[in-house]
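The values are calculated or read from the model by the stated rules, or taken from the named source; none is laboratory data. Keep in mind the model is a prediction, meaning the values are calculated, not measured. Here the Cβ positions follow ideal geometry from the backbone for every residue, glycine too, while neighbour counts run over all protein chains shown. The area values use the complete protein model at the heavy-atom level, side chains included, leaving out ligands, DNA and RNA. Shrake-Rupley method; radii C 1.70, N 1.55, O 1.52, S 1.80 Å.
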Amino acid sequence: MDAAENKALMQQVFDELAEGNGRPFVEVLADDVRWRIIGSTEWSGTWDGKPAVQAKLLDPLFAQFGTRYRSKAIRLIAEDDYVVIECRGDVTTKSGHPYRNTYCYVCRLEGGRVRELTEYCDTELLTKALTPPWVEMAA
């Protein structure tokens with residue numbers, strides 16, 4: 001796929017995510033995806049492989065949401081195998097607090113799948129609002 005096709009694919013994924021449908025986002029992740037959250041907070045780290053991303057990052061994260069997570073793409077820029085997505089997330093936590101963060105995802109795609117994703121966001125807000133994924137949460 002070329003840059004324009006990669007951009008169109010990610011636009012479709014984020015159009016769905018803006019409506020609260022995260023399934024296409026997960027489906028576009030390659031089995032051997034590497035997801036990295038930048039920074040030096042408790043949330044910063046690297047997850048290798050789709051099973052680890054799902055079980056150790058996404059599931060613990062979404063378990064803290066009381067409403068359907070939505071993320072609206074503001075800008076997509078594509079060059080070669082990369083698509084950069086600036087987006088705004090919006091959800092209410094189970095504790096009733098709004099969590100609205102601004103993200104920039106730098107994605108490297110190969111064969112219509114995201115192979116690498118580097119996430120830039122307000123990690124201080126992330127740390128204050130949500131329990132890090134590696135911390136065992138009470139049932």
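How many residues does the range 12-21 hold that are open to solvent by 20 Å² or more (accessible area, probe 1.4 Å) and touching a strand residue (DSSP E or B) at 6+ places or on another chain (Cβ under 6 Å)?
In the first step, residues of the range 12-21 are kept if they are open to solvent by 20 Å² or more (accessible area, probe 1.4 Å); the result is 12, 15-16, 18-19, 21.
This time we only want the ones that are touching a strand residue (DSSP E or B) at 6+ places or on another chain (Cβ under 6 Å), so: 18.
Of the residues in the range 12-21, 1 are open to solvent by 20 Å² or more (accessible area, probe 1.4 Å) and touching a strand residue (DSSP E or B) at 6+ places or on another chain (Cβ under 6 Å).
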(message) So, in the range 27-55, how many residues would count as being assigned to a loop (DSSP other than H, G, I, E, B) and either touching a residue at least 60 places away in the same chain (Cβ under 8 Å) or open to solvent by 40 Å² or more (accessible area, probe 1.4 Å) (or both)?
(response) 8
(request) Exactly one condition in (1) closer than 30 Å to ASP2 by Cα; (2) crowded, with 16+ Cβ neighbours inside 10 Å; (3) in contact with a strand residue (DSSP E or B) (Cβ under 6 Å, 6 or more places away or on another chain) is not met by GLN64; state its number. (result) (1)
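Report yes if PRO24 is at pLDDT 95 or above and surrounded by 14 or more Cβ atoms within 10 Å (Cβ to Cβ), otherwise no. Spell out the reasoning first.
On the way: at pLDDT 95 or above: yes; surrounded by 14 or more Cβ atoms within 10 Å (Cβ to Cβ): yes.
Judged against the criteria, PRO24 is a match.
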(request) State all residues of the range 73-116 that are open to solvent by 20 Å² or more (accessible area, probe 1.4 Å), more than 23 Å from THR46 (Cβ to Cβ) and β-branched (Val, Ile, Thr); if no residue qualifies, say none. (result) ILE74, ILE77, THR92
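Looking at LYS72, LYS94, LYS128, can you tell me which residue is in contact with a Lys or Arg (Cβ under 6 Å, 6 or more places away or on another chain) and farther than 16 Å from ASN6 by Cβ?
On the way: LYS94 fails: in contact with a Lys or Arg (Cβ under 6 Å, 6 or more places away or on another chain); LYS128 fails: in contact with a Lys or Arg (Cβ under 6 Å, 6 or more places away or on another chain).
Exactly one of LYS72, LYS94, LYS128 is in contact with a Lys or Arg (Cβ under 6 Å, 6 or more places away or on another chain) and farther than 16 Å from ASN6 by Cβ, namely LYS72.
Kindly provide the set of residues from the range 56-78 that are outside any helix (DSSP H, G or I) and among the charged types (D, E, K, R), ordered by number.
If we filter the range 56-78 for residues that are outside any helix (DSSP H, G or I), which is where we start, we get 63-78.
Selection gives ARG68, ARG70, LYS72, ARG75.
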(request) Take GLU116 and decide whether it is more than 27 Å from GLN12 (Cβ to Cβ), of a type in the set (Asp, Glu) and touching a residue at least 12 places away in the same chain (Cβ under 8 Å). (result) no
(request) Scan the range 97-113 and give yes if some residue there is free of Cβ contacts under 8 Å to residues at least 40 places away in the same chain, assigned to a loop (DSSP other than H, G, I, E, B) and within 23 Å of ASN6 (Cα to Cα), otherwise no. (result) no
